[in-house]
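See below for the structure under consideration.
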Amino acid sequence: MDLTKIGDLVVRKSYGKDVTFRVEALERSQAIIKGTEFRLLADAPVSDLVPVTSDIPTGKAKQARIKAQQTLQRLHQDRHSLDAQNQAILGTDRSVSGTGIGAHSYFEVPGMVLHLDGDPLYLQKSLDLYEKLRVPAQGHYVHEKTMADALYRLLPSVRPDIVVITGHDGVLKNRINTDLYSLASYKNSRSFVEAVQIARQYERNFDSLTIVAGACQSHFEALLQAGANFASSPGRILIHALDPVYIAAKAAFTSVRDTIHITDVLSHTVSGIQGVGGIETRGSYRIGLPKFQELSQLNVVPSAT
């Protein structure tokens with residue numbers, strides 16, 4: 001007798017038990033399952049599922065969680081390095097010295113993120129990480145097929161510096177002679193492409209609006225051609241649930257004077273260069289003087305000092 005229930009944590013026997021899932025729905029002998037670490041929504045026979053007693057990952061998922069922790073540490077290190085750089089600049093700037101404005105008096109205006117996600121659970125995880133990293137962000141749970149319409153409405157009111165367009169995707173199964181360069185071969189890549197096109201019509205300057213788009217196995221080339229700065233997935237692999245957030249955070253805290261170091265940011269995503277790629281792009285971060293008490297304007301956050 002099968003005892004699989006909605007909400008159970010499971011792994012798949014046929015895939016070597018490499019990824020942990022949570023059961024989202026059950027219909028007769030089939031289950032809809034969602035990855036706990038990866039942006040993966042799949043269906044599987046209930047008979048293929050093996051319950052696990054905790055969300056402590058193993059195999060591929062364990063490696064992903066370790067890399068995610070390392071990436072988070074790297075972002076925190078980058079913040080400290082940025083603060084040291086700001087203090088060095090202000091401390092040696094002749095226009096500032098002698099004015100009574102100390103090197104510790106600046107305030108920060110990181111890039112503002114508008115995050116659209118086709119999965120409410122991953123959206124909440126993303127917003128929690130933005131808050132932890134002190135990145136100003138507004139998030140919306142939007143079905144992939146309606147993201148273009150949602151962006152058309154949201155962009156003029158939110159006026160973000162960075163847009164994240166993500167959710168679920170994948171190469172469609174059971175297709176004869178699947179063409180990986182055809183949008184028809186993907187679950188949601190066409191919808192992501194349409195959303196990117198709307199965002200790029202709103203702001204054509206690639207440095208004024210940074211677009212991060214795609215999910216697991218998305219049509220990388222089509223997303224870049226539509227106008228994304230960063231996209232998944234060059235190797236048509238699974239991407240970590242929070243990889244788009246890491247890229248957005250890096251853009252939000254890279255100075256407008258500098259370009260985002262592509263190899264650096266991509267190598268420190270969980271999925272790596274097979275999971276995410278992109279083009280040279282300027283950051284969205286600014287500093288201002290002097291520091292002031294009211295932080296409700298702009299996207300101002302207190303400096304790290």
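Solvent-accessible surface of the stretch 145-258, taken per residue with a 1.4 Å probe and all protein chains present: 40 Å².
Largest to smallest in accessible area, the residues THR281, THR263 fall in the order THR263, THR281 (1.4 Å probe, all protein chains included). For the stretch 135-292, what does the alpha-carbon gyration tensor say about shape, rounded, prolate or oblate, given a ≥ b ≥ c as the root eigenvalues, a/c under 1.5 as rounded, and a/b over b/c as prolate? The shape class here is prolate. When each of the peptides 220-229, 10-19, 144-153 is scored by how many other beta carbons lie within 10 Å of its residues on average, the order from highest to lowest is 220-229, 144-153, 10-19.
In plain terms, the chain from LEU26 to GLN274 could stretch by 86.0 nm, reckoned as 0.36 nm per residue minus the Cα-Cα distance.
The values are calculated or read from the model by the stated rules, or taken from the named source; none is laboratory data. Keep in mind the model is a prediction, meaning the values are calculated, not measured. Glycine gets a Cβ as well: all are built from the backbone with ideal geometry, and neighbour counts include every protein chain shown. For the accessible areas, the whole protein counts, side chains as well, though only heavy atoms, and no ligand, DNA or RNA atoms are used. Shrake-Rupley method; radii C 1.70, N 1.55, O 1.52, S 1.80 Å.
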